[in-house]
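Just below is one structure, and these are the notes that go with it.
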Amino acid sequence: MPTPRSVLAPPVLLVLLIGCAGFAAIWVLAAAAFGRPCSWLAAVAALDAALLLRMARARPGWGRALAGALATAIMIAAAQWGLIAAQVGSMFGLQPWESALKLGPSLAWAIAGVSLDAVDLAWFGAALVVAAVASR
């Protein structure tokens, strides 16, 4: 049986980085296809974070639970940034990745405040809890 690694080990961090970026991209594509924010994908992101940590053989415990919740929060933030960048960029004739580089935090925060409702925020909060429990 392979020995578990620390959550801060480079292989674990690399797996989490690639996994977070990949899932955020899938989330943005799904939201574009459905024309909705698809906030329920936050729960899927939580399960994905837990699976990534287990596949990377991160040591079980509170550190892995915290890493799972943090990875989920990063996926949620990156996906929302991508969704907002796609919305704003389409108005200016920019591709989403071009708009994402030009989007400022204050504009992103303002658009998120207008476009996300209580149900979306509830999905995000529930996903953080699911991530911590499933990752532990």
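With a cut-off of 8 Å between alpha carbons and a minimum separation of six or more residues, what is the relative contact order of the chain in percent? Averaging sequence separation for qualifying contacts and normalising by length gives 36 percent for the chain.
For the range 76-103, the residues whose backbone nitrogen is under 20 Å from a point 7 Å from the Cα of Ala21, taken along Cα to Cβ, are 76-86, 95-103. What's the angle, to the nearest 10 degrees (0 to 90), between helix 105-115's Cα axis and the longest principal axis of the chain? It works out to around 80 degrees.
In the elastic network of the chain, a GNM with C-alpha springs shorter than 10 Å, the most mobile of Ala118, Ala126, Ala56 is Ala118.
Recomputing log10 I(q)/I(0) by the Debye sum over Cα atoms at q = 0.09, 0.10, 0.16, 0.22 Å⁻¹ from the coordinates shown identifies the correct label among (i) -0.24, -0.30, -0.82, -1.60; (ii) -0.28, -0.34, -0.79, -1.22; (iii) -0.37, -0.45, -0.98, -1.41 as (ii).
Which order do peptides 94-103, 36-45, 59-68, 2-11 fall in by mean Cβ count within 10 Å, highest first?
Those peptides, ordered most packed to least, come out 36-45, 59-68, 94-103, 2-11.
Using a Gaussian network model of the chain in which every pair of alpha carbons under 10 angstrom is joined by a spring, one finds that among Ala71, Ala25, Ala50 the greatest mean-square fluctuation is at Ala25.
Taking 0.36 nm per residue of sequence separation and removing the Cα-Cα distance, the Ala32/Ser6 pair yields an extension gain of 5.7 nm. Averaging Cα coordinates gives a centre for the range 96-136 and one for the range 1-77; these two points are 15 Å apart. Taking the chain as the reference, fit the longest principal axis to its C-alpha atoms, fit the long axis of helix 10-34 to the helix C-alpha atoms, and give the angle between the two in degrees, 0 to 90, nearest 10. Here the helix axis deviates by roughly 30 degrees.
Laboratory data are not the source of any read-out in this text; all were calculated from the coordinates shown. What you see is a predicted model, and the numbers here were worked out from it, not measured in a lab. Note: ideal-geometry Cβ built from the backbone for every residue, glycine included; neighbour counts use all protein chains shown.
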